[in-house]
Amino acid sequence: MKKILVAEDEQNIREFVVINLKRAGYDCVEAESGEEALRVYEQAGGDFDVAVLDIMMPKMSGIEMCRMIKSNFETSHIPVILLTAQTAEEFTIQGLKMGADDY
């Protein structure tokens, strides 16, 4: 079963994403802040098939978390999808520059 890290500070959005991923057959690990996501990620040794990260989270942004995942040689292959309600192109550009695979 594919294992997905879902980091989103808005509980309702996080629950919606996780419920739908689980219905599709994925195993999900949740985090409510960038700092918690990093802790969960490190404890699992980066053993995730995909990371879904909200861009605007407290304590560490999804963009910063993406940069950390992609800069680690052992986990740079993990696809990262950035989630956000922001429509400004600057967020898309910044996320893709940090290594995000989709936005």
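The values are calculated or read from the model by the stated rules, or taken from the named source; none is laboratory data. The structure displayed is predicted, hence computed values, not measured ones. Positions of Cβ are generated from backbone atoms using ideal geometry, with glycine treated the same way; all protein chains shown enter the neighbour counts. Quick note on the areas: whole protein, heavy atoms, side chains included, nothing else; ligands and nucleic acids left out. Shrake-Rupley method; radii C 1.70, N 1.55, O 1.52, S 1.80 Å.
If you take the residues of segment 77-103 that are loosely packed, with under 12 Cβ neighbours inside 10 Å and modelled with pLDDT of 70 or more, which of them is farthest from GLU10 (Cα to Cα)?
Across segment 77-103, the extreme among qualifying residues is HIS77.
May I ask you to verify whether LEU53 is of a type outside the set (D, E, K, R) and modelled with pLDDT under 85?
Judged against the criteria, LEU53 is not a match.
Only one of these is over 10 Å from the mean Cα position of the chain (by Cα) and modelled with pLDDT of 95 or more: LYS3, LYS70. Name it.
On inspection, the qualifying residue turns out to be LYS3.
Can you name every residue in segment 36-58 that is exposed (fewer than 13 other Cβ atoms within 10 Å of the Cβ) and within 16 Å of GLN11 (Cβ to Cβ)?
PRO58
Of the residues that make up segment 54-63, is at least one farther than 16 Å from MET1 by Cα, in a strand (DSSP E or B) and under 11 Å from the mean Cα position of the chain (by Cα)?
yes
I'd like the full set of residues that are open to solvent by 50 Å² or more (accessible area, probe 1.4 Å), closer than 17 Å to LEU83 by Cα, out of contact with any helix residue (DSSP H, G or I) (no Cβ under 8 Å at 6 or more places or on another chain) and not in a loop (DSSP other than H, G, I, E, B), limited to segment 1-35.
Listed by number, the residues that qualify are GLN11, ASN12, ILE13, GLU15, PHE16, ILE19, ASN20, GLU35.
For segment 9-23, what are the residues that are within 17 Å of PRO79 (Cβ to Cβ) and either at pLDDT below 95 or within 12 Å of the chain's Cα centre (by Cα) (or both)?
VAL17
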